[in-house]
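Here the structure comes first, spelled out in structure tokens, and everything after it is commentary.
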Amino acid sequence: MPVHTDMRGDQTYQIPFAAYPAVRLMLLMMTGITSAHYLSISAQITLIGFFTFTLLWLSSEFLFRRWKVLTAGRISVLLYFFMIFSASSALFSVLSEGDRNNVIKAELLSLYEWENAEISGLVTGTGRSGTGRNVYEVKVTEIRFYDGVHWKESWNIRLYGAESSPPSVQQGSKIQAEIRFYSFPEQRNPHEFDYGGWLLDHGFSAHGELLELTEHTPARNLLSWAPAREAVQRNADTLFESDHAHLAKALLLGYKEDLTPDTRQEFARAGLSHIMAVSGLHVGFIVAPFWLLIPYLWGSKTGKWLGLILLTTLLLGYAGITGFSPSVSRASLMAWLLCYGKLFHKIRNSVNLTAVAAIIILMIQPQQLFDVGFQLSFSAVFIILLLMPEAQRLIPQKYRYGFIGGFISIILVSIVVQAGLFPILVAYFGEFSIIGPAANALVVPILSFTVPVGLLFVLLSPLLPAMLHAGAVPVQFSLDWIHSVASALGGQAYSYITVEQATLPLFLVWIFAIFFIASIRIPTYRWKMLIGLLLSLNFLIAERIIHHPEYKKLEITVLDVGQGDAIHVQTPGGKHLLIDAGRWSPMNNSGRQVLIPYFEHLGINRLDAVFLSHPHADHIGGMPDLIESIDIDVIYQSDYDYDSAIYARYMELAEEFSVPVKYPVAGDMIGIDPAIRIFVIGPEADTRRDPNPNNHSLSLKLVYGQKHFLFSGDAEVRQERQMADRYGDFLRSHFYKVGHHASNTSSTELFMQYVEPEISVASLAFQNRFGHPGRDAVNRLHQFSEHQKYTSLSGGMVFISDGSGIEKREWRYLRF
């Protein structure tokens, strides 16, 4: 143990920083990459900085050291740190230029949305989408547009084909094809997956449909793993029954395309999604037999090199048949370094070797630092290495090294990893599995048999098909068990919790808590880490107090549901209101596609009130799914009785689920949260029945502090005149949800001269068949309101008010 004796003769523990050179380099690289990323430092500046610090370091190391040895040594170390920092920044900035070019190319190609073109290129990857369509990743070398434009610049596109697309199109194939460009995907609502961002992050400038394969040259690259990978997948399909084959390919090979979204969600909420990622757990099972052979190999030079070749072949082969996914590549690299260290009697410091693996990956692709898989993988490994030694001390000595100790260790590893990764899981997914330790305890021991045996049977099945098909029955039983555990535990509401977005103080608490536990037996550092932990906890509490005062802010989210309306209102007192429920169509509806995922993302399982302005399908479309999925206290709606299947369906469901339906009229007030007031300003009671449901819209004015918010549904000329005549200046509002999707028949001059909003927001689809927004309506909105927003252009929008002001909150990540 490294110790230091002070002047009083006391000995204190000193961390041997010199024993962790890779950790220091890793941290410097991460700091440099992070700085370049968030400060948007140009490649030129970072390169100048790198060459400057390199020259200064060389001068200090080889020139100044002759005169001032001690001073030059200290300066040299400092300059060396800056050199590594600037080198990492430069590497990231230079490689990021390619990402910027992808954005530029995406903007150019967006001019040809929904148009056809002919391309030539190389297939760099294949797969299958969640809807069952074949997916082809193509590096385009030449493209011809039908307007005569001919472009020979290289770029990448992700294409989708039919299930009947040619199976011979494999990775490495050269193709010529007719394609159709899709509209480049945008993240339309705060909760949605940013598919467009994912495409850009993975180097794709466009996506589209493979219409026709006009020429195809099969792959002839002998070094390609694609044929072997596809052959192994076919072996799995042959060896196992259909349902088992899908799960087997996911667990053994990381091929999850055949799994249903529900199955994936069950595994995620049970804390078992990591077993389908083909990462360190799987590589450990594969390498375990080799690890036991090492003592028999290290006795001779020939044995060492034979073992190294065997190890490399084993890891390279498994990485190849799993598609060289980032997770298995990281795990294979770490396993290779650890086994190499043991085989050749090198220093086997696991923390240092893990840092070496991270350095190698960051040198090849520094953008990996911001990949959730990279962060989860390395965080999990470091957490295990730092915390498990202390956690295992909880196991009684007599059980620690036996079967019982091994079983308890599995549970402890799961608890340590799940708890240790809490901030990262919350930051990216907003959910945290609380059933994970129990699920892992039931699954991981079984997996230690399923992975090596199942993979061996899959590889050998063409040689001994009959025997191995019978022998695979125990593997199928284990697959049934794993799936039943995921389904039983992950399908329950108590299996996970939804947590608000992680903040910086929470990450500080996380870091200091890990190091406090790791240093629990080192008094000098234990108290320092404890002080840091307590300070971080104070920062976290202060942050909560500042951002969550007794009276919270009013939050209004205008969701993008296409040609329809859906507005979520979170009141200062924490109540959740929904104004309209989006649209319905034969293929989908806003409830299933937008609202339910949105509420699940926020952890909302109960709505205090739903307001339905009128019974048209573009305002009530999501109600049947909502009633079946979320508790609703009460529905307020227009009294217009409408003859439609969707209207009849949700009214039946409201009765079935005992949801009261009320019909407020102008002059009523609705009390939900004492911090706000809700005035009903339409429809009028006891008026002549207008055949147009739009003119019976439930219209509301919400008041919070000094700010007023107006929601008029689809009210048109007649109802707007009624409200103007009755309420006059009372209509004046700071926020106006534009009536009838900015149709020319709404937002009339008589009405708008009373409202005069600061902010007008219209909900509508881009290039819709109704011609919304109307030119006249747009002119009137521009005349009477200061700011005009349209979901067709901006997507979903979030507005925050503290009662004295309104601000629009940006939720999108701006690229470059």
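The values are calculated or read from the model by the stated rules, or taken from the named source; none is laboratory data. Because the structure is predicted, anything quoted here is derived from the model rather than measured. Note: ideal-geometry Cβ built from the backbone for every residue, glycine included; neighbour counts use all protein chains shown. In case anyone asks, the SASA skips ligands and DNA or RNA and just uses the protein heavy atoms, side chains included. Shrake-Rupley method; radii C 1.70, N 1.55, O 1.52, S 1.80 Å.
Here is a list: VAL634, VAL610. Which entry is surrounded by fewer than 21 Cβ atoms within 10 Å (Cβ to Cβ) and more than 28 Å from the chain's Cα centre (by Cα)?
Answer to the selection: VAL634.
Step by step: first the residues of segment 449-489, then only those that are outside any helix (DSSP H, G or I) and touching a residue at least 40 places away in the same chain (Cβ under 8 Å), then the one that is nearest to SER273 (Cα to Cα). Which residue is that? Even if it seems obvious, please write down each step before you answer.
First, pick out the residues of segment 449-489 that are outside any helix (DSSP H, G or I): 461-464, 472.
Next cut, touching a residue at least 40 places away in the same chain (Cβ under 8 Å) only: 461-462, 472.
Numbers: SER461: 27, PRO462: 30, ALA472: 24 Å.
Per the stated criteria, the residue is ALA472.
Pull out all pairs, ordered by first then second residue, where Cβ-Cβ is under 8 Å, the residues are six or more apart or on different chains, the first lies in segment 384-404 and is among the acidic types (Asp, Glu), and the second is exposed (fewer than 13 other Cβ atoms within 10 Å of the Cβ) and not in a helix (DSSP H, G or I).
So the pair list comes out as GLU390/ARG521.
Looking at segment 322-340, can you tell me whether even one residue there is part of a helix (DSSP H, G or I), farther than 24 Å from GLY172 by Cβ, touching a residue at least 12 places away in the same chain (Cβ under 8 Å) and of a type in the set (Gly, Ala, Ser)?
yes
When you go through (1) free of Cβ contacts under 8 Å to residues at least 40 places away in the same chain; (2) within 29 Å of VAL703 (Cβ to Cβ); (3) assigned to a helix (DSSP H, G or I); (4) open to solvent by 30 Å² or more (accessible area, probe 1.4 Å) one by one for LEU534, which number turns out not to apply?
Every listed condition holds for LEU534 apart from (2).
Specify the residue that is surrounded by the fewest Cβ atoms within 10 Å (Cβ to Cβ); the eligible residues are those in segment 185-206 that are in contact with a helix residue (DSSP H, G or I) (Cβ under 6 Å, 6 or more places away or on another chain) and under 17 Å from SER129 (Cα atoms).
The selected residue is PRO185.
Could you please find all residues in segment 290-334 being open to solvent by 80 Å² or more (accessible area, probe 1.4 Å) and of a type in the set (Val, Ile, Thr)?
THR302, ILE309, THR313
When HIS787 is evaluated against the numbered criteria (1) under 31 Å from the mean Cα position of the chain (by Cα); (2) open to solvent by 80 Å² or more (accessible area, probe 1.4 Å); (3) closer than 30 Å to PRO674 by Cα, which criterion, by number, is the only one it fails?
All conditions pass for HIS787, except number (1).
The conditions are (1) without any contact (Cβ under 8 Å) to a residue 60 or more places away in the chain; (2) open to solvent by 10 Å² or more (accessible area, probe 1.4 Å); (3) of a type in the set (D, E, K, R), and ARG726 fails exactly one of them. Which is it?
(1)
Scan GLU266, GLU230, GLU215 and give me the residue that is in contact (Cβ under 8 Å) with a residue 40 or more places away in the chain and not in a helix (DSSP H, G or I).
Every option except GLU215 fails the conditions.
Going by the conditions given, is ILE627 open to solvent by 70 Å² or more (accessible area, probe 1.4 Å) and among the aliphatic types (A, V, I, L, M)?
Criteria not met by ILE627.
For segment 85-102, how many residues are of a type in the set (Val, Ile, Thr) and open to solvent by less than 30 Å² (accessible area, probe 1.4 Å)? It would help to see each step written out before you state the result.
Within segment 85-102, the first condition is being of a type in the set (Val, Ile, Thr), and the residues that meet it are 94.
With open to solvent by less than 30 Å² (accessible area, probe 1.4 Å) added as a condition, the list becomes none.
Count: 0.
Quick check: is even one residue across segment 713-732 outside any strand (DSSP E or B) and within 37 Å of the chain's Cα centre (by Cα)?
Within segment 713-732, one or more residues are outside any strand (DSSP E or B) and within 37 Å of the chain's Cα centre (by Cα).
Check segment 686-705 and report whether any residue there is assigned to a strand (DSSP E or B), surrounded by fewer than 22 Cβ atoms within 10 Å (Cβ to Cβ), under 37 Å from the mean Cα position of the chain (by Cα) and of a type in the set (A, V, I, L, M, F, W, C).
Scanning segment 686-705, I find at least one residue that is assigned to a strand (DSSP E or B), surrounded by fewer than 22 Cβ atoms within 10 Å (Cβ to Cβ), under 37 Å from the mean Cα position of the chain (by Cα) and of a type in the set (A, V, I, L, M, F, W, C), so the answer is yes.
Which one is surrounded by the fewest Cβ atoms within 10 Å (Cβ to Cβ), of the residues in segment 355-381 that are within 23 Å of LEU425 (Cα to Cα) and without any contact (Cβ under 8 Å) to a residue 40 or more places away in the chain?
Of everything passing the filter in segment 355-381, ILE361 is surrounded by the fewest Cβ atoms within 10 Å (Cβ to Cβ).
Given the options ALA666, ALA645, name the one that is open to solvent by 10 Å² or more (accessible area, probe 1.4 Å) and touching a Gly at 6+ places or on another chain (Cβ under 6 Å).
ALA666
Check off (1) of a type in the set (D, E, K, R); (2) farther than 30 Å from ASP201 by Cβ; (3) open to solvent by 50 Å² or more (accessible area, probe 1.4 Å) for ARG780 and give me the number that stays unchecked.
Looking at each condition in turn, ARG780 falls short on (3).
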